[in-house]
Each structure stands twice: as structure tokens, then as C-alpha cells.
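J.: Attaching a single structure in C-alpha cells format; questions to follow.
The values are calculated or read from the model by the stated rules, or taken from the named source; none is laboratory data. Because the structure is predicted, anything quoted here is derived from the model rather than measured. Glycine also receives a Cβ, built like all others from the backbone with ideal geometry; neighbour counts cover every protein chain displayed.
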Amino acid sequence: MLNTVALIFIFIGLFFMVVGAVGLIRLPDFYTRAHASGKCDTLGEGMMLIGFILYEGMTLIAVKLLLLAIFIFISSPTAVHALVNAAHARGIKPWMKGEERR
Amino acid sequence: MIDIFHASAIILVLTIFLCLYRVIAGPGVENRLIAVNTVGTKTIILLVIIGFIYGRPLFIDISIIYAMINFIAALAIAKYLRRGCLC
């Protein structure tokens, strides 16, 4: 029973990771790519780690995985925000509808 | 369950190759940096999966260290892009 729930969580996480990678290729601008990368990666990673915790059970490894998930939920959007802020300070204009993709 | 881990590891490696396309072809520095950051966050999950497949819990400690190094590297590169130096 618990393995089935863990399997569902792992598949949801894999789906979000694949969607983030496809968005990184398909989207037309730097800001939209940062949107896809920052959100989909964080959510997919959290879902997969929750699945691994449910598969593992109550051990020390589960505690380490929980700490890793909490750290990533804080650190990954912060890193993407810092990169986007630096790019905005360098003067990159956002993409408008009808322009050429770059 | 081990087969599921093998399949998810293979799918993760394929998504890493999709991100490497953006690393090679992306215009400008920022697109490459976002793609490298994404590859790093996928590598953390890949290390955890390798630890489960081979039955070695030490890989989870390695993945924690990798997450910290990835975060510090992204912040340092962002500061360098913004100011032109690491001061």
C-alpha cells in the first residue's frame, strides 16, 4: 500500500521534471525559461523526495531525505531569483508577443 | 521497485541531455546558467536514486553536499554577473 503511494509520488515528480526540461527548450525568452526551470524543478524534486521517504520508512535515511527536501525548497528558488535579478540588472528586456524568439 | 528506480534514472538522464542542448545553444550567459542550475538539481535526485539502487546510504550524504555546493555556486556566479567582480 505504502509502496503504491510512493510510486505515485515518484511518477508525479518525474512528470514535472520532464515538463521543466521541455519548457527549458521550447519557451522563447530568458525569463520564461527561468520560470519553467525554477518552478517545475523544485516541485518535481520535492515530490520525488517525498516518494523516496515513503518508500524508505522510519529510518535515519528518511530524516536525511527530509532535510534535503526542506533545504532544496528554500535554496532552489533563491538561486533562480538571484540569477534573474542579475540578468535584469544587466539590462535584458522581457519578450513581448509578436517578437522573434531569442 | 528496483526496476522503477532504473527506469526513473534513465528518464532523468534523458532530461539532463535535453537541458544540455540549452547549455550548448543558448544565446548569452544567462540561459546557460539557468540550464546548468537545472542540471545540478536533477543530479541531486540522480545521486539519491543511485544510492537506493546499489544499497549504499552514503550517496545521500554526497547529494546533500552537492545541493549546498550548487546553491553557493549559483549565488557566486549571480554576484559576479551583477558587479563584475567577486568583492
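J.: Which number in (1) more than 26 Å from A:LEU65 (Cα to Cα); (2) touching a Pro at 6+ places or on another chain (Cβ under 7 Å); (3) not aliphatic (A, V, I, L, M) marks the one condition that B:GLY51 misses?
T.: Among (1) more than 26 Å from A:LEU65 (Cα to Cα); (2) touching a Pro at 6+ places or on another chain (Cβ under 7 Å); (3) not aliphatic (A, V, I, L, M), B:GLY51 violates only (1).
J.: Take A:THR4 and decide whether it is more than 10 Å from every other protein chain (Cβ to nearest Cβ) and in contact (Cβ under 8 Å) with a residue 60 or more places away in the chain. Reasoning before the result, please.
T.: Values: more than 10 Å from every other protein chain (Cβ to nearest Cβ): yes; in contact (Cβ under 8 Å) with a residue 60 or more places away in the chain: no.
Taking the combined requirement at face value, the residue does not satisfy it.
J.: When the residues of region A:61-81 are filtered to those that are free of Cβ contacts under 8 Å to residues at least 40 places away in the same chain and more than 8 Å from chain B (Cβ to nearest Cβ), which remaining residue is nearest to A:THR4 (Cα to Cα)?
T.: The extreme case among them is A:ALA62.
J.: Could you say which residue among A:VAL84, A:VAL22 is farther than 25 Å from B:TYR80 by Cβ and either surrounded by fewer than 19 Cβ atoms within 10 Å (Cβ to Cβ) or over 15 Å from the mean Cα position of the chain (by Cα) (or both)? Lay out the reasoning, then the answer.
T.: Numbers: A:VAL84 fails: farther than 25 Å from B:TYR80 by Cβ.
Only one candidate passes the filter, namely A:VAL22.
Per-residue answers, yes or no, for (1) acidic (Asp, Glu); (2) crowded, with 19+ Cβ neighbours inside 10 Å; (3) within 22 Å of A:GLY57 (Cβ to Cβ); (4) within 15 Å of the chain's Cα centre (by Cα):
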{"position": "B:ALA9", "(1), (2), (3), (4)": "no, no, yes, yes"}
{"position": "B:THR15", "(1), (2), (3), (4)": "no, yes, no, yes"}
{"position": "B:ALA25", "(1), (2), (3), (4)": "no, no, no, no"}
{"position": "B:ARG56", "(1), (2), (3), (4)": "no, no, yes, no"}
{"position": "B:ILE65", "(1), (2), (3), (4)": "no, no, no, yes"}
{"position": "B:MET68", "(1), (2), (3), (4)": "no, no, no, yes"}
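J.: Oh, and also: Restricted to region B:14-58, and to residues that are at the interface with chain A (Cβ under 9 Å from one of its Cβ atoms) and in a loop (DSSP other than H, G, I, E, B), which residue is modelled with the lowest pLDDT?
T.: Per the criteria, the residue is B:GLY26.
J.: What are the residue pairs meeting all of these: first residue in region A:82-102, first residue more than 11 Å from chain B (Cβ to nearest Cβ), second residue surrounded by 11 or more Cβ atoms within 10 Å (Cβ to Cβ) and basic (Lys, Arg), Cβ atoms under 9 Å, and 6 or more apart or on different chains?
T.: The qualifying pairs are A:TRP95/A:ARG102.
The rows are residues; the columns are (1) loosely packed, with under 14 Cβ neighbours inside 10 Å; (2) under 21 Å from B:ILE45 (Cα atoms); (3) among the acidic types (Asp, Glu).
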| residue | (1), (2), (3) |
| --- | --- |
| A:PHE11 | no, yes, no |
| A:HIS35 | no, yes, no |
| A:CYS40 | no, yes, no |
| A:LEU54 | no, yes, no |
| A:SER75 | no, yes, no |
| A:MET96 | yes, no, no |
| A:GLU99 | yes, no, yes |
